Amino acid sequence: MPTKDSITVRDNRTGREYEIPIENGAIHASALRNIKTSEDDFGLMSYDPAFMNTASCKSKITFIDGEKGILRYRGYPIEELAEKCKYLEVAYLLIWGELPSESEYKEWVHNITYHTMVHENIKKFMDGFHHDAHPMGMLVSTIAALSTFYPDAKNIFDEGSRKLQIHRLIAKIPTLAAFAYRHSQGRAYIYPSNDLNYTENFLSMMYRPSWTTKFEPNQTLAKALDVLFILHADHEQNCSTNAMRSVGSSHVDPYSAAAAAAAALYGPLHGGANEQVLRMLEEIGTKEKIPEIIRQVKEGRRLLMGFGHRVYKNYDPRAKIIKKVAQEVFEVTGRNPMLDIALELEKIALSDDYFIKRKLYPNIDFYSGIIYQAMGFPVEIFPVLFAIPRMSGWLAQWQESLTDPEQKIARPRQIYIGYGERHVPPR
Ligand code: ACO
């Protein structure tokens, strides 16, 4: 008699039945391999392009209920973390599993602060980029270049070494990001300041004039950026995190794996979307043009950037928090005129059948770009602003996958549909 937590599959080719156990609401894909038509048959595979319904890992880090619009890091609702915590506390939570005690937090902040500096040769490396190089391209390359500066990072199964690389990567990514921006502006690089907190220091490296050592970042803007960093820190198995885990599964050093993750984030369907949202809003320009854009979207001629999500089929909870942050930022910077176009676009889209039927709601990127622009960040830097906090999520997921005994090198199967054997014609 089959046990309750299983399915029975009947193979109509052979008439045979198979019982497959269900664990955590899933069946093990390898169990399908027992389903064969003959001894030398390879066995049944599951076909799932883009991993629409395939879990690649078990994880304790981030929980999402896309239907209900719920996001939690290590069990804590994103709304509480955004309201009560600092980004570096959340980074600690993601990586080590618990919120830090006071002394743990002090030590963590100290370690991050004292690793923000980069080797002088990194500056020379950056200088080699063309003046109009995209800052995200520069960031991806310099993260990869760090692996050549820290050959000890290859010791990925040494806990102490892993910890050191985690400190280095979280500490140095704002420095690399700011250097990439300053390079694209033709401005001198600003070194990190150990007396500023994580986001203040980043704003200082971005905006401090090179002729002064004094810079007092606006506290409201630094706090708003900190909240945005919390919202972007992790999002379970998204495209870039999957890249981090997949590349990391070859046991390469974390700098190389993080460079691959950052490269995945660069794409316009992922972390590049906030840049595309702003370009779209700029193209729309006035509310009167919105119906025409909606028409083009419905005719399948373009996507409404910042709308839709693989997992959320409800309002993205991060987009709700971001709308509140926007008000605080605009009190300092003045209202970004793009907001009115975005709000109107959202209103029209959410009442349109096309979007209702497909459960398309604004995602985090729909509003983040408008805030970033009001804060003075140019659009090219938007994906870079996403990469800075996502580093903590990538590292948490990387460490979890390395210490998971069920994980192996990631290597999907394929269904070959090309030619059978053929031969080169005589010549
Ligand atoms: N505008 C218009 N139509 C859309 C959009 C959109 N933004 N997103 C999805 N659709 C439509 C699709 O055309 C499809 O329609 P169909 O059923 O008639 O063919 C349907 O909705 C389902 O969409 P899929 O493409 O199957 O959804 P998928 O899960 O593969 O894609 C994605 C998710 C990539 C985010 C998609 O919604 C998209 O391209 N959005 C715009 C880019 C964007 O904002 N990316 C940021 C994602 S969040 C993040 O990475 C931080």
Next item on the list: Excluding residues fewer than 8 places away in the same chain, name every one of the lysines whose C-alpha is closer than 23 Å to that of Lys4.
Entry: Lys58
Check: Rounded to the nearest 500 deg cm²/dmol, what is the calculated helix-only ellipticity per residue at 222 nm for the chain, with -39500 (n - 2.57) per DSSP H run of length n ≥ 4?
Finding: -16000 deg cm²/dmol
Check: Using 1/(1 + (r/R0)^6) with R0 = 51 angstrom and r between the beta carbons of Asn314 and Arg422, what's the FRET efficiency to the nearest 0.05?
Finding: 0.50
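By the gyration tensor of its Cα atoms, with a ≥ b ≥ c the square roots of the eigenvalues, what is the shape of the range 202-297: rounded for a/c under 1.5, prolate for a/b over b/c, or oblate?
Judged from the Cα gyration tensor, the range 202-297 comes out oblate (a/c at least 1.5, b/c at or above a/b).
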Notebook entry, point to check: Can you give the accessible area of Ile230, probe radius 1.4 Å, in Å² rounded to 10?
Noted result: 0
Margin query: Need the full-extension length gain, Asp40 to Arg279, defined as separation in residues times 0.36 nm minus the C-alpha distance. One decimal, nm.
Written below: 80.5 nm
Check: How would you rank 161-167, 216-222, highest first, on the average number of other Cβ atoms within 10 Å across their residues?
Finding: 161-167, 216-222
Checklist line | Anchor Lys357: lysines whose Cα lies under 30 Å away (excluding residues fewer than 8 positions away in-chain) | finding: Lys68, Lys287, Lys289, Lys298, Lys313, Lys320, Lys323, Lys324, Lys347
Notebook entry, point to check: In terms of the Cα gyration tensor, with a ≥ b ≥ c the square roots of its eigenvalues, is the chain rounded because a/c is under 1.5, prolate because a/b exceeds b/c, or oblate?
Noted result: prolate
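Could you grab the relative contact order for the range 85-402? Cα pairs under 8 Å, six or more apart, rounded to a whole percent.
Values: 423 pairs, mean separation 79.3, N = 318.
Taking the mean separation of contacting Cα pairs over the length of the range 85-402, I get 25 percent.
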Checklist line | At R0 = 35 Å, FRET efficiency that the Cβ-Cβ distance of Trp96 and Arg187 yields, to 0.05 | finding: 0.45
Next item on the list: Name the residue farthest towards the positive end of the dipole of the chain from the options Gly306, Gly97, Tyr255, assuming +1 on Cβ of Lys and Arg, -1 on Cβ of Asp and Glu, about the Cα centre.
Entry: Gly306
Checklist line | About the Cα centre, charge dipole magnitude for the chain (Lys/Arg +1, Asp/Glu -1 at Cβ), debye | finding: 760
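By how many nm would the segment from Gln296 to Glu67 lengthen if fully extended, with 0.36 nm per residue of separation less the alpha-carbon distance?
Working: separation 229, 0.36 × 229 = 82.44 nm, distance 2.72 nm.
Stretched out fully, the Gln296 to Glu67 stretch lengthens by 79.7 nm.
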Notebook entry, point to check: Rounded if a/c is under 1.5, else prolate if a/b is larger than b/c, else oblate: which is the range 6-47, with a ≥ b ≥ c the root eigenvalues of its Cα gyration tensor?
Noted result: oblate
Next item on the list: Could you calculate the contour length gain from Gln407 to Lys347, that is, 0.36 nm times the residue separation minus the distance between their Cα atoms, to one decimal place in nm?
Entry: 17.2 nm
Notebook entry, point to check: Under a GNM of the chain (C-alpha, springs under 10 Å), which listed residue has the highest mean-square fluctuation: Ile156, Ile78, Ile415?
Noted result: Ile415
Next item on the list: For Lys84, go through the aspartates and glutamates and keep the ones whose alpha-carbon is under 13 Å away, minus same-chain ones fewer than eight residues off.
Entry: Asp226
Notebook entry, point to check: Using a 1.4 Å probe on the protein chains only, how many percent of the accessible area of the chain belongs to carbon and sulfur?
Noted result: 53
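In the range 266-333, what GluC sites (Glu not before Pro) fall in a loop by DSSP, with at most 12 other Cβ atoms inside 10 Å?
Numbers: sites: Glu275, Glu282, Glu283, Glu288, Glu292, Glu299, Glu328, Glu331; in loops: Glu299.
Hits after loop and neighbour filter: Glu299.
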Check: How many angstrom separate the Cα center of the range 394-427 from the Cα center of the range 37-54?
Finding: 14
Checklist line | Lys60-Thr286 FRET efficiency (beta carbon distance; Förster radius 41 Å; 0.05 resolution) | finding: 0.30
Next item on the list: Measure off 7 Å from each Cα along the Cα-to-Cβ vector at Thr212 and Val9, then give the distance between these two points in nanometres to one decimal.
Entry: 6.8
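The values are calculated or read from the model by the stated rules, or taken from the named source; none is laboratory data. Because the structure is predicted, anything quoted here is derived from the model rather than measured. We place every Cβ from the backbone using ideal geometry, glycine too, and count neighbours over all the protein chains shown. Heads up: the accessible areas ignore ligands, DNA and RNA and are worked out on the full protein's heavy atoms, side chains in. Shrake-Rupley method; radii C 1.70, N 1.55, O 1.52, S 1.80 Å.
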